[in-house]
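Each remark here refers to the structure printed beneath this line.
Nothing in this text is a laboratory measurement; each read-out follows from the coordinates by a stated rule. Since we're looking at a predicted model, the values are computed, not measured. Counting neighbours? That spans all protein chains shown, and the Cβs are built from the backbone with ideal geometry, glycine included.
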Amino acid sequence: MKFEPNKILCFGEVLWDQLPSGAKPGGAPLNVAIHLQRFNMQAVLASKVGNDAEGRRLKEFMVQSALTDAFIQTDDELPTSQVLVHLDKNHQARYEICEPVAWDRMEPLSQLLTEAASCGIIVFGSLASRNPKTRNTLLEILNGPQLKVLDINLRPPYHERKIVEPLLRKAHLVKLNSDELQTIALWNGYDSAEEKTQMQLLTEQFGWEMAVVTRGEKGALVYDGHRFLEHEGFKVRAIDTVGAGDAFLAAFLAGYLNEEPLEEALSMACAAGAFVATQPGATPEYCLSEILGISETQKK
């Protein structure tokens, strides 16, 4: 089967983020898929919800967001996932994730395997691998030739080395934050090295093509195996940071896949993350012109 080079499958958890302001649809794969659509990329979401009102509402939200729900499985026993989101004084999010939930039991159905084989890119995270059922399904679809993008989400207590490292070995492009970089560097004895050296050593060890590290309000750093690119970020007034990293990844992937200069892809990614941090929830409505407006401030 021939695959479509720029068709992107986002695999993993979908859920309701229970924010202080109320419930919002969430889960990194859902967020990334929606933001990819906003950047005019073709995204497909694969996940699982419960046979309940929350699951039906999530599927309705996906369709309203121009995503197909054809690859959203339904579990008749486990509920749709809900996550308690706690914001600190700096609007940084801490997550309380319940289990077991529907996305812990994603199955390798023939429809999903066929769709995965038709996609040129697969975006996946580490959180959905906490349960063997979904982890084995993910590993099965990662056997193809696709560009594999790992969006690491080390959410305690679901951040065991024995689960995460096999995913690191599968990935071509890895996106992680500064704390996650430090954790993985520690696992491999690189914790005393400075940030760029850690990125370089891990890229060589796991065979990545590219490593992208987000630094919150301090911007981001990219290593492509040959050079480092750095962006200092954009100063904004944050409301909450939920989904900011997902918007960053979607914008960066859109630029990268469209063969834009990495400097421009990184700037747009930082601008997208900054904008989402100024809005409630992970997937606020916006036009690309709003993101471009933030990115243009750097040039001025």
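The GluC sites (Glu not before Pro) of segment 22-88 that DSSP puts in a loop, and whose beta carbon has at most 15 other beta carbons within 10 Å, are 77.
Placing unit charges on C-beta atoms (Lys and Arg positive, Asp and Glu negative, everything else neutral), compute the dipole magnitude of segment 4-299 about its Cα centre in debye, rounded to 20.
So the dipole magnitude of segment 4-299 works out to roughly 160 debye.
If you sort the three axes of the alpha carbon gyration tensor as a ≥ b ≥ c, you get a/c under 1.5 for segment 4-299, which makes it rounded. Taking 18 Å as the cut-off for C-alpha to C-alpha distance, list the pairs among 133/175; 24/59; 133/162; 148/196 that go past it. Violating the 18 Å limit, Cα to Cα: 133/175; 148/196.
Other residues with beta-carbon under 15 Å from the beta-carbon of residue 56 carry, at +1 per Lys or Arg and -1 per Asp or Glu, a net charge of -3. Among beta bridges from DSSP that stay inside segment 79-219, the antiparallel ones total about 30%.
Near the amide H of residue 7, within less than 5 Å, lie the amide hydrogens of 120, 121, all on another chain or at least 5 residues away, with H placed in the peptide plane. With a Förster radius of 41 Å applied to the beta-carbon distance between residue 195 and residue 107, the computed FRET efficiency rounds to 0.55. Note on residue 89: aspartates and glutamates with a C-alpha under 12 Å away, same-chain residues under 8 apart excluded, are 240. Of the chymotrypsin sites (Phe, Trp or Tyr not before Pro) found in segment 45-132, no site is in coil according to DSSP while having at most 12 other Cβ atoms within 10 Å of its Cβ.
Here residue 40 and residue 118 are evaluated by their C-beta separation; at R0 = 22 Å the FRET efficiency comes out at 0.70.
The stretch between residue 60 and residue 287, if pulled fully straight at 0.36 nm per residue, gains 79.6 nm over its current Cα-Cα span.
Just to verify a number: FRET efficiency for residue 264 and residue 179, C-beta to C-beta distance, R0 = 22 Å, to 0.05? Intermediate values should be presented prior to the final figure.
On the way: r = 27 Å, r/R0 = 1.23.
Approximately 0.25, to the nearest 0.05.
Approximating the spin labels as points 7 Å out from Cα along Cα→Cβ, the residue 237-to-residue 86 distance works out to 2.7 nm.
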